[in-house]
1. Which strands (runs of 3 or more DSSP E) does segment 88-185 wholly contain that include 3 or more residues that are small (Gly, Ala, Ser)?
2. Can you pull out every residue in segment 137-154 that is crowded, with 16+ Cβ neighbours inside 10 Å and either of a type in the set (A, V, I, L, M) or closer than 23 Å to residue 222 by Cβ (or both)?
3. Among the β-branched types (Val, Ile, Thr) and modelled with pLDDT under 85, is that true of residue 86?
4. Residue 256 - would you say it is assigned to a helix (DSSP H, G or I), open to solvent by 90 Å² or more (accessible area, probe 1.4 Å) and either acidic (Asp, Glu) or at pLDDT 90 or above (or both)?
5. Do we have any residue at all in segment 269-277 that's among the charged types (D, E, K, R) and surrounded by fewer than 10 Cβ atoms within 10 Å (Cβ to Cβ)?
6. Please determine whether any residue of segment 143-165 is more than 34 Å from the chain's Cα centre (by Cα) and under 15 Å from residue 225 (Cα atoms).
7. Tell me which of these residue 144 doesn't satisfy, since it passes every other one: (1) closer than 30 Å to residue 204 by Cβ; (2) β-branched (Val, Ile, Thr); (3) in contact (Cβ under 8 Å) with a residue 60 or more places away in the chain.
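The values are calculated or read from the model by the stated rules, or taken from the named source; none is laboratory data. Bear in mind that the values here come from a model prediction, so they are computed numbers and not experimental data. Counting neighbours? That spans all protein chains shown, and the Cβs are built from the backbone with ideal geometry, glycine included. Ligands, DNA and RNA are stripped out before the accessible areas are found, and what is left, the full protein with its side chains, is counted by its heavy atoms. Shrake-Rupley method; radii C 1.70, N 1.55, O 1.52, S 1.80 Å.
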Amino acid sequence: MAWNEPGGNRNDNDPWGTGGGRRGNDQGPPDLDEALKKGLDKLNRMLGGKGGKSGKSGGGSSSGGSAGGFGAILAIAAILVVGYVVVQSFYTVDEQERAVVLRFGEFSTTENPGLRFKVPLIDRVYKVGVTNVRTAQSSGQMLTMDENLVTVDLQVQYRVGDARDYVLNVRDSNEALAYATDSALRHEVGSSSLDEVLTEGRAELGVRVEQRLQSFLRDYGTGLEIVRVNVESTQPPSAVQDAFREVQRAREDEQRLKEEAETYRNRIVPEARGQAQRMIEEANAYLSEVVERARGESARFTQLLEVYQIAPAVTRERMYIQTVEQVLANSSKIFIDTESSSNMMYLPLDRLMQGTSGSASGTGSSGGRTSQAEIGTLADQVLQELRTRQDNNIRRSR
């Protein structure tokens, strides 16, 4: 029979291990108040107090329990305070951050990334991101140097360069940056003309604004560092935008025509220089040819003079024959005056040459031999023609 069945053996052990002690029929689970009281008594004895005894009077037990409960509360509070102090004494700085430590409200140090210690309730730590690049926008309508209105949209990229100045010197860094950007932009636009702001001077405007803005932030001690300033757009007032667009298109056309002219010049000039150089080279070659030919003619004439002085008659005859050969070589028709008759003889050399070349081509001889044969045949024909005409003249005279 189970121990908890009705009518069972009352001497069996209970499930709480009381060692065979008898309990009443109405025994239930332990009392929670009694268990809490026992725990407080043990904690009080561990901390040096005295726990309540069952042999004492009821008043003594009540006072001992109150003292034990108060001591336990103090111990728990002390443990919580110590844990809080330990937790608050350490903090972590990321790689992208720098920690500015203030001790009693005064700057103490700037901590690098890692696990760091601070004095609780005395030190205050401000973590600042120094590697991430931030962006600020600025837009406004302002006057140029020639008193024209222009709208400029600007983007500023910046980061924290000095964490100490960023935390201590400026209450609101974004507001300080906005004021400094507006001041630098208006100063530079007011020092430029409208054409410079709208056209080719826009990139230079961004560089000048960046330099002046960085100077302002350095003077203010904001701890901010400018990465880049981008001029996103520059526009004239809406009432005159169409006119400015026409001017812009005209300037683009002008630039395009200049580039086309420059391309044409780059193509024509080298060609002209090449032609001029070729003509110079041809002239130099002709000069050299004429000079050398003249020198050769003078040397030949000098040698011919020496030969003429030795044999004048032979030399004169030779010169005559050579001259006649040169003249006849360039003539296709020859007229011969005879002493026996007043009529002139006509020799059609072109026709004679055609007949000679036709007969010579059928022989199939070599080039040099063909030329000699042609010359011999032509000479024979000329002599035959001369004899025939001379005989005719003699007959007529009889």
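1. 134-143
2. Passing the criteria: 138, 142, 150, 152, 154.
3. Details: among the β-branched types (Val, Ile, Thr): yes; modelled with pLDDT under 85: yes.
So residue 86 passes the test.
4. The answer is yes for residue 256.
5. yes
6. Taking every residue of segment 143-165 in turn, at least one turns out to be more than 34 Å from the chain's Cα centre (by Cα) and under 15 Å from residue 225 (Cα atoms).
7. Every listed condition holds for residue 144 apart from (3).
Results for (1) farther than 29 Å from residue 133 by Cβ; (2) at pLDDT 85 or above; (3) open to solvent by less than 50 Å² (accessible area, probe 1.4 Å); (4) not in a loop (DSSP other than H, G, I, E, B), shown as yes or no for each residue.
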residue	(1), (2), (3), (4)
200	no, no, no, no
210	no, yes, no, yes
225	no, yes, no, yes
232	no, yes, no, yes
242	yes, no, no, yes
